[in-house]
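The structure appears below as structure tokens.
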Amino acid sequence: MSYLSSIKAAAPAATRSGPAGVTFAALLAIFATLVALRLPMAWVEGRFQDEEATVFLAYAWHFPSEALFRSFGGYLNIAANGVTLLLAELVKGGTISLERAPYFTMAAGLLAQLIPALLILMSRSPWLADLRTRIVALLVLVLMPATEEVFLNVLHIQFHLALAVALILALDRSRGRMMSWFEGAILVVAPLCGPGAIVFLPLLALRAIVDRDAGRWRQFALLGIGAAIQMLFFYVPTAMRGVPFDPLNLLASLFIRLLALPLGGVSGANRFSLAAAESMFFDKTALWLIGLLSLGLFGILFRESLKQRDSAFWLFSAALSVAVVSLGFGIVTGAAFAPFFVLAGPRYNYLPQVLLGLFFLCLAMRADPVQRRMPRVLVALFLFVGAVHYLQPFEDYGRGPSWLKEVAAWRKDPDHQLTVWPHHYSADLSNKPRRCSENKLVTASWEAPRYCQEGWLTSFTVWHGPASPKP
């Protein structure tokens, strides 16, 4: 009897279609609680994360009629636009006080993080038939280190929807009508929140060809519709994204962020980061060693992914694809060595780490005891390192100014710039709107407000704190 057949025979129908009733609700509630407690001080102080307030909320505050379909940073983020526009109108209308405003976006971000969890809990995939495996999968979603940047904010709903698209690609296709509609909505909306989900479009086409499944082609078409709208009407290439492409640097970045980080934590990853960065400017021996190690390890993992027809190949391919595109072409940085450092754009750690963790979990559920021994050790290490970092969130995202104090200062002086997390950024919620440049290819300007692209671009020119003089 094959592995697939044995799992189907052993697991009751209710388990194969996901936990039912009280168990389902309890798991989802526990997951939501773990997500919420990833940044406990955010609930105490009230947290807007940088552009969430300094760009999206501020622009919606000043120009509500233009905010919903505004492209910023090179693409449309309909989730961030829509939630902050609604929040601005609710605050101005008196429904929500400005003091409570951060909790609205935090709650919206939390709800978005439940979407991938729902897909895992409701999956019909044989390797997730065991309830304990689903629990481990949920822990992978919440524990990966140096990923606090994507938690509890609407700015990065795009990453959770992109993860949901990757799960739709990798897991067995749902047969129920309600789940099909749910997944269809994700596939259309995800690429309208950011380009990350679009990376999975070729893989979804490949899966449709391999499976010879009309349902997979429908999924491809729905993702393609959202992708076409984003790319044709909103996406604009920007000079501040990406670095000169170098395969060796990319290989080193992949090793550091996808393997050294989840297995050795931030401190362990930083050892390789410093060695790679120094090697760029001096003797390239260390960079070559890290690059070759990366190539060898990912080659081994690719071979393992092909040994059985399960979700492993799709999870591995999705992890590697999104990492290559983001670290090789999409990362917002002004330095060629920035992709080596896991705290430079930590949002780019999230998708590949989670997908690779799920890949190892899938390998760990295979029938052959020899094949699953090492993946189980790796999953355990992923969770242990993640748990340590969960208890010690990175300071820039774990602590920040009190929003109540900022609002109190703003009520005394409406021109006061409200400081958000991290400390050195502030939101303009004054009654003095200033028009932004119509030119989509603007350059940085220290005179423009941060909600304008030219003002925001100064972030990538020179770091500036509250007391820093303008250059």
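Each reported figure results from applying straightforward, stated rules to the coordinates on display, with no laboratory input. Note that the structure is a prediction, hence the values are computed from the model and not measured. Every residue, glycine among them, receives a Cβ derived from its backbone with ideal geometry; neighbour counts consider all protein chains shown.
Amide hydrogen proximity for Thr419: with H placed 1.01 Å from N in the peptide plane, the residues at 5 or more positions away or on another chain lying under 5 Å are Ala427.
For a distance above 22 Å, tell me the whole-number percent of Cα pairs in the stretch 143-302 that qualify. In whole percent, the share of Cα-Cα pairs in the stretch 143-302 beyond 22 Å is 57. Report summary: the helix-based calculation at 222 nm, which adds -39500 (n - 2.57) for every DSSP H run with n ≥ 4 and divides by the residues of the chain, gives -18500 deg cm²/dmol. Applying a 4.7 Å Cβ-Cβ cutoff to the chain leaves Cys193, Cys362 as cysteine residues with no disulfide-compatible partner. For the stretch 220-292 versus the stretch 148-185, the inter-centroid distance based on Cα atoms is 23 Å. In the chain, the longest principal axis of the Cα atoms and the axis of helix 177-193 are about 40 degrees apart.
If the segment from Gln392 to Ala221 were pulled out straight at 0.36 nm per residue, it would be longer than the present Cα-Cα gap by 57.3 nm.
Take the Cα radius of gyration of the chain and divide it by 2.2 N^0.38 Å, N being the number of residues; the result is 0.98. Sorting Arg177, Arg434 from the fewest to the most surrounding beta carbons within 10 angstrom yields Arg177, Arg434. Loop sites by DSSP among the GluC sites (Glu not before Pro) of the chain, restricted to those with at most 12 other Cβ atoms within 10 angstrom, leave 1-437 as the longest stretch without any of them.
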